[in-house]
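Coordinate-derived values only; no laboratory data. Because the structure is predicted, anything quoted here is derived from the model rather than measured. As a convention, Cβ positions derive from the backbone with ideal geometry for all residues, glycine included, and neighbour counts pool all protein chains shown.
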Amino acid sequence: MMYARLAVNGIRKNRKTYVPYFCTCTIMVMIFYIVSCLSQDPVIRQMRGGEMLQMLLNFGTVVVGIFSLIFLFYTNSFLIRRRKREFGLYNILGMGKINIARILIWETLLLWVSALVLGLGLGILFSKLCQLLATAMLGGQVSYHFTVQPNAIVMTFSVFAPIFLLILLNALRQISVSKPVELLHSSAVGEKAPKANFILAILGAAILAAAYYLAVTIQDPVEALAWFFIAVILVIIATYMLFIAGSVAICKLLQWCKGYYYKTNHFISVSSMLYRMKRNGAGLASICILCTMVLVTVSTTVCLYIGTESSLRLRYPRNITIDMQSQENTQNVQNIVHETLSDKGAAPENEIAYRYLGFSGKLEGDGAITLDRAKFVGDNIVFSELRSIYFIPVEDYNKLMGTSYALEGGEALLSVSDNRFPYDKLQIGDYCTYNITNRVDFVRTGDDVSTIVSTLYVIVPTVEELLGLQQYQAGFYEENASELSYYLGFDLDCDDKEQIEIYQAIDQRLEALEGEDEISFRVESIANERADYIGLNGGLFFLGILLGFTFLLGAVLIMYYKQITEGYEDQDRFEILQKVGMTRGEIRKSINSQVLTVFFLPLIAAGIHVCFAFHMVSLLMRMLGLVDVKLFGYVIAGCFGLFAVFYVAMYMATSRSYFGIVSGRERRRRHGVSG
């Protein structure tokens, strides 16, 4: 058991670096188990919206697993770097690399078993709390029965066993290829000051500018979805290039600025950063990317959850809506609705009813819409050029909106869902052309919120024009052609349960009418759809909080290890400076200058990334039903403010630890020397 004792002793002596790493491993195991457990929980599955939540959680297990592999692999490199000197000493004293490998195997085994047992224990303990939170978000029935998911335990084991095995193999590789002298002096060897690669820095700036331009110029949600991941990859590449090459170039420029560089605090901090900027830059870039991921993930999911009700109301402008492709049975539909409401003791409120004809076409420019499908289907499809058009007779519009517009032949009123139709004329193929006399408001059907295509509401003089347009578009769309339709919607002054009962009763009676008269209809209820919306947005919110916490944990640990590692590297250098006359106050001022510069650069860069990503992300959120851009702006600003406060707290704690190391306090404490 000598190797086991050496492993335990090594962990104990290096607890300053091992304890945070062990805690991180434990938390990652805990989070993975919780996400995996909830994705299989039968209690959640039985709730309304539970299947949607579990589908998102299944995706979350993949994300957490991949992040755990990358993150633990990355942070373990800090530990190995600190231990190489100790292993080099063992090697010189006669211990072979096989013996050192046995110590590493014991260390990895001890950490893995301890983190797995403790992480699973905490995961099982807190999984019930998370289940209750998920139940509260979905509005389901609370169950106080405590369960353990064996499949989640097996999945956690099967994910983290290979991760720790890969970490062990990487550590063994580093030990096997290193010479004893290299191991002995590895912790004291910093990186050489790299040359300023201005070409790489300029290239990084150009790539970042291209990604920013892409993010702010895209106007179509589908294009935003197609280009989003490309933009993200470009930003990540550019961030690493700028932090590695660009930061070196900036330090070189600061050195050339004699008025700034030749001051005590600036001289030490700039020289120190430049000396090992390659690794420093990569760490800063990683922190920046993780900070950006935290801000985007948390702010978007929080915004979606807060805006659930407003998104529902936009999608369903009335509590119950009926959309029917028929004109002969409108009176029968109205009779069925009013009879059902009378039977249930309810009365309609804010009722809307109108006739319309809807179809799609491609905008070819100058207000011309073509219905030739060969121009916008298959490989030729460009969603930003498509338009959904709803034609409504002015008679129904005036009755609905309380107006008194009168239109002559060839005239029309226009309402656009997103203002992407700046033309004064609307030309429908070679059939007709309308002069837009006025732009008006209109009560949306909700379909324009759920579609990614821009929607035009065109108010025309008569119903006969709708019939002519119907025949014209039928010549292009044939069996897919639209019929003249009838839309009816109303609100109800009752709770969701009663609304769902009324909705189901109307739906059943209309199904009977459909079988008799061969009509096509669609009945929707905001109360019936609320559970799915809450399941989707609540699931995203729940997953966003877990992933945000995971990314935040990664950023914090990288910050901690970076400062601790650099503190030990700078310890001898600052000790020499004290011996040649530099005071503790000057050392603290120099440290503050260095840490302040290094620490807040990722936060500032993350804030800039989020600002430029705002437009593209808001387009993507439109596809999820959230069109309130102001709400998103407020939420993301609030998240950034809270994150900045936490970041400052981390800066203060890290700066104190770093100063304790480089000033010699840590060394005196280890050797039992006071003062």
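In terms of modelled amide H atoms, which long-range or inter-chain residues lie less than 5 Å from the amide H of Asp418?
HN-HN under 5 Å from Asp418: Thr455.
Can you give me the distance in nm between label points at Asn480 and Val8, each placed 7 Å from the Cα along the Cα-to-Cβ direction?
Output for this residue pair reads 7.2 nm.
Apply the a/c threshold of 1.5 to the C-alpha gyration tensor of the range 1-119 and tell me whether it is rounded, prolate or oblate. Let's see the in-between values first.
Working: a/c = 3.72, a/b = 3.03, b/c = 1.23.
In terms of gyration-tensor shape, prolate.
Which whole-Hz ³J(HN,Hα) couplings does the range 201-212 yield from phi under the Karplus relation 6.51 cos²θ - 1.76 cosθ + 1.60, θ = phi - 60°, glycine and proline marked x?
So the J values, rounded to whole Hz, are 5, 5, 5, x, 5, 5, 5, 5, 4, 5, 5, 4.
List every residue whose amide H lies under 5 Å from the amide H of Tyr354, counting only residues 5 or more places away in sequence or on a different chain, with H placed 1.01 Å from N in the peptide plane.
Here the answer is Tyr487, since their amide H atoms fall under 5 Å of that of Tyr354.
How far, in nm, would the chain grow between Thr147 and Ala161 when pulled straight, counting 0.36 nm per residue and subtracting the alpha carbon separation?
2.6 nm
Could I have the simple spin-label model distance between Glu51 and Val629, label points 7 Å from Cα toward Cβ, reported in nm to one decimal?
So the two model labels end up 3.6 nm from each other.
What is the set of long-range amide H partners of Lys425 at a cut-off below 5 Å, with H atoms built 1.01 Å from backbone N?
Ile436
Quickly work out the Ile604-to-Thr433 label distance, labels modelled 7 Å from Cα along the C-beta direction, and quote it in nm with one decimal.
Output for this residue pair reads 5.6 nm.
Please find the FRET efficiency linking Asn350 to Tyr213, where r is the Cβ-Cβ separation and R0 is fixed at 56 Å, and quote it to the nearest 0.05.
Details: r = 45 Å, r/R0 = 0.80.
Efficiency, rounded to the nearest 0.05: 0.80.
Using the Karplus curve 6.51 cos²θ - 1.76 cosθ + 1.60 with θ = phi - 60°, what ³J(HN,Hα) values do you get for each residue of the range 310-322, in whole Hz, with x for Gly and Pro?
Using θ = phi - 60°, the values come out as 5, 5, 4, 5, 5, 6, 10, x, 10, 4, 10, 10, 10 Hz.
Between Asn58 and Lys258, take the C-beta separation as r, use R0 = 51 Å, and let me know the FRET efficiency to the nearest 0.05.
On the way: r = 59 Å, r/R0 = 1.16.
Efficiency, from the Cβ-Cβ distance: 0.30.
Could you state the orientation-averaged shadow area of the convex hull built on the Cα atoms of the range 362-465, in nm² to one decimal?
Working: hull surface 26.7 nm².
The Cα convex hull of the range 362-465, projected and averaged over all directions, gives 6.7 nm².
Under a point-charge model restricted to the Cβ atoms of Lys and Arg (+1) and Asp and Glu (-1), what is the dipole moment magnitude of the range 443-567 relative to its Cα centre, in debye to the nearest 20?
Working: 6 positive and 23 negative charges, 231 e Å.
The calculated dipole for the range 443-567 is roughly 1100 debye.
What area, in nm² and to one decimal, does the C-alpha convex hull of the range 405-529 cast on average over all directions?
Averaged projected area of the range 405-529's Cα convex hull equals 10.1 nm².
Can you work out the Karplus-derived ³J(HN,Hα) for every residue in the range 159-166? Use 6.51 cos²θ - 1.76 cosθ + 1.60 with θ = phi - 60°, whole Hz, and x for glycine or proline.
8, 7, 5, x, 4, 5, 5, 5
Once R0 is set to 25 Å, what does the formula 1/(1 + (r/R0)^6) return for the Cβ-Cβ distance between Leu110 and Val154, expressed as a FRET efficiency to the nearest 0.05?
With R0 = 25 Å, the Cβ-Cβ based efficiency is 0.70.
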